[in-house]
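Engineer: Quick one: structure below, then a few questions.
The values are calculated or read from the model by the stated rules, or taken from the named source; none is laboratory data. Predicted, not measured: the structure shown is a model, and the values here were computed from it. Neighbour counts run over all protein chains shown; Cβ positions are idealised from the backbone, glycine included. Note: areas computed on protein heavy atoms with side chains; ligands, DNA, RNA excluded. Shrake-Rupley method; radii C 1.70, N 1.55, O 1.52, S 1.80 Å.
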Amino acid sequence: MRIGVLSDTHLNARDPGLEIVIDRYFHDVDMIMHAGDLIHPDVIGSLNVKDYRAVCGNMDPPVLRELLPDKLVYEVNGLRIGLIHGWGAPDGLEERIGGMFSDVDCIVYGHSHRGLCEMRNGVLFFNPGSATDR
């Protein structure tokens, strides 16, 4: 299974640029994961071209907080994946979000706009960085 991961799009509307990125880079994925800070509900329409999972971020408005959970845990091919946005200062972010999950193989998160792919205590922490920042 191939999973496309993005976070922190911070878009005020459905964006043709994001749709081009999804068409170009996620055309062959089975699922898309968005780790929060979509900002506008119409961004979900861009993700909805595939099976998708998304969580709300700290910058998301109330309408998205009603549609999306704060965190998710789901199983893919026998692996348990936690999806969360994150909060607070970038330093110590992995420790804070790691404490929100138990018995997961991977935690996908965002918030810091800093990409990271690192094993910590047997758990893969993956932050794709921001999809639209810089």
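Engineer: In the stretch 45-57, which residue that is open to solvent by 20 Å² or more (accessible area, probe 1.4 Å) and under 12 Å from the mean Cα position of the chain (by Cα) is nearest to Ile32 (Cα to Cα)?
Structural biologist: Tyr52
Engineer: Output the number of residues of the stretch 12-49 satisfying the condition of being β-branched (Val, Ile, Thr) and in a loop (DSSP other than H, G, I, E, B). Lay out the reasoning, then the answer.
Structural biologist: The first filter runs over the stretch 12-49 and keeps only residues β-branched (Val, Ile, Thr), leaving 20-22, 29, 32, 39, 43-44, 49.
Still in the list and also in a loop (DSSP other than H, G, I, E, B): 29, 39, 49.
Summing the residues that are β-branched (Val, Ile, Thr) and in a loop (DSSP other than H, G, I, E, B) in the stretch 12-49 gives 3.
Engineer: On to the next question. Within the stretch 50-73, restricting attention to residues that are in a loop (DSSP other than H, G, I, E, B) and in contact with an Asp or Glu (Cβ under 8 Å, 6 or more places away or on another chain), which residue is farthest from His10 (Cα to Cα)?
Structural biologist: Lys50
Engineer: Name the residues in the stretch 1-41 that are crowded, with 16+ Cβ neighbours inside 10 Å and among the small types (Gly, Ala, Ser), would you?
Structural biologist: Gly4, Ser7, Ala35, Gly36
Engineer: Oh, and also: Which pairs have Cβ atoms under 7 Å, sit 6 or more apart or on different chains, and link a residue in the stretch 64-89 that is in contact (Cβ under 8 Å) with a residue 24 or more places away in the chain to one that is open to solvent by 20 Å² or more (accessible area, probe 1.4 Å) and among the polar types (S, T, N, Q)?
Structural biologist: From the stretch 64-89, the pairs are His85/Asn58; Gly86/Ser112; Trp87/Asn58.
Engineer: Restricting the stretch 80-134 to residues that are of a type in the set (Phe, Trp, Tyr) and open to solvent by 50 Å² or more (accessible area, probe 1.4 Å), which is farthest from Ile22 (Cα to Cα)?
Structural biologist: Looking at the filtered set, the residue picked out is Trp87.
Engineer: Does Asp133 qualify as being modelled with pLDDT of 95 or more and either part of a loop (DSSP other than H, G, I, E, B) or not charged (D, E, K, R) (or both)?
Structural biologist: Taking the combined requirement at face value, the residue does not satisfy it.
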